[in-house]
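Please read the structure below before turning to the comments.
What follows is calculated from the coordinates using simple rules that are stated; it is not laboratory data. In this text, all values refer to a predicted model and were calculated from it rather than measured experimentally. For neighbour counting, all protein chains shown are included, and Cβ atoms are generated from backbone atoms with ideal geometry for every residue, glycine included.
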Amino acid sequence: MFRLWRTFALSLKRAAVAGAFAAAVLATTHSADAVVVERIVAVVGDKPILLSELRHRSKPFLLQVMQSVPAGAQQAAAQSQILKDMLEKMVDEELESQAATRANITVTSQEVENAFDNIAAAQGVTKDALFKAARARNGLSDQDYRDEMRRQILEGKMIQLRVKGRVRITEEDVKTMYDRVVREERKIRDYHPAWVVLRLLPGASTQAIAERKAQAEEIAERARKGEDFAKLAAAYSDDAATRDAGGDIGVRSPNGSPQTQGGKASVLAPELEAAVMPLEPGEVAAPLVVGQAIVVMKLLSRQPSRYTGLKEARAEMIQRLQAEIMDKAKRKWLEELRRRTHVETRL
């Protein structure tokens, strides 16, 4: 799916140029009396894309940037990237439209309305509520929303035509996708670890460090053989804050998870998390040297996965595989269309 938002890492020089262009694009937003000179910003085949068209499609996103990004170079850079991304999207859409015309592929008004009916039914709302939400969320008029749906349906038809008869999904493909999805999901599930911390004295000799490592290995091995980890922590851990709690350090969220990004979760140091993440509940990691300590980690529990097994998730995995195939086919197709068509951008 096309994404207009990305990391905005542009130079100040580019930002200044972008700011001038973005200001022109937004001129009618700030003043009803402002005059924007029309010009061509891209040519696809013999079809021009106009500044007014780019401005109209970009306006909701530019306004979001103005509201959420500090004014100045950073805002100008963000606006510039949105304009460039939107223009690339519009070029792709024009390529698709021209290809559809050559193939006599069309989208009827009834198909558009049926799509909205299906979406409304799936969400348990009325079609009017869908349009109202679009107006409130993105400032899209009802016609804008219909135009966007028409473009999506046309693209879907063209991609389906391209891959028709070529999609072959095996059971091994489904299993591989399931394993991958479960691994990715693990990265956002909360987990509950415990630890035994063996401190290393500043300036400790090589022999002293080796002895502490050997002790940590022994503790880990005893825990793996079934000895009570909490008792081992109480007996050996040098971390006073968690020793009496059996090394329990509470529930943590993975670094980079939505909970972490929201600033509400407690996280472990990346090297400790890396040691815990592969573990299943009850397993103990190999001792790890972190700063001036050797740490033995055990995973007590992990937030349950929403996936209970391959059989139950099979339909979802097939949908994911089909989506990947379609996306890959779309990228390849657009690359071919660009090679065969004169495309010129003027931003």
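Values as computed for the structure displayed
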| quantity | calculated |
| --- | --- |
| About the Cα centre, charge dipole magnitude for the chain (Lys/Arg +1, Asp/Glu -1 at Cβ), debye | 720 |
| The stretch 190-302: relative contact order as a whole-number percent, Cα under 8 Å and 6+ apart | 40 |
| Exposed-loop-free span, longest in the chain, where trypsin sites (Lys or Arg not before Pro) count as exposed if DSSP calls them loop and at most 12 other C-beta atoms lie within 10 Å | 40-163 |
| In nm, spacing of pseudo-spin labels at Ala241 and Ala208 (7 Å Cα→C-beta vector) | 2.4 |
| Against the rule of thumb 2.2 N^0.38 Å, how large the Cα Rg of the chain comes out | 1.39 |
| Linear extension gain, His56 paired with Ile119, 0.36 nm per residue minus alpha-carbon span | 20.2 nm |
| Percent of C-alpha pairs per 10 Å bin, the stretch 120-192, short to long | 15, 21, 24, 33, 7, 0 |
| If the convex hull is drawn through the Cα atoms of the stretch 64-159, its volume per residue in Å³ | 112 |
| Between the stretch 36-60 and the stretch 324-344, the alpha-carbon center distance in angstrom | 21 |
| Top positive-direction residue, dipole computed over the chain with Cβ charges, set Thr176, Ala194, Ala323 | Ala323 |
| Members of Lys89/Lys164; Lys132/Lys330; Lys311/Lys332; Lys59/Lys132 lying beyond 21 Å, as alpha-carbon distances in this model show | Lys89/Lys164; Lys132/Lys330; Lys311/Lys332 |
| Pair Ala274, Thr345: separation of 7 Å Cα→Cβ label points (nm) | 3.6 |
| Solution diffusion estimate, µm²/s, Stokes-Einstein, the stretch 190-302, Kirkwood Rh from C-alpha pairs, 4 °C, viscosity 1.567 mPa s | 90 |
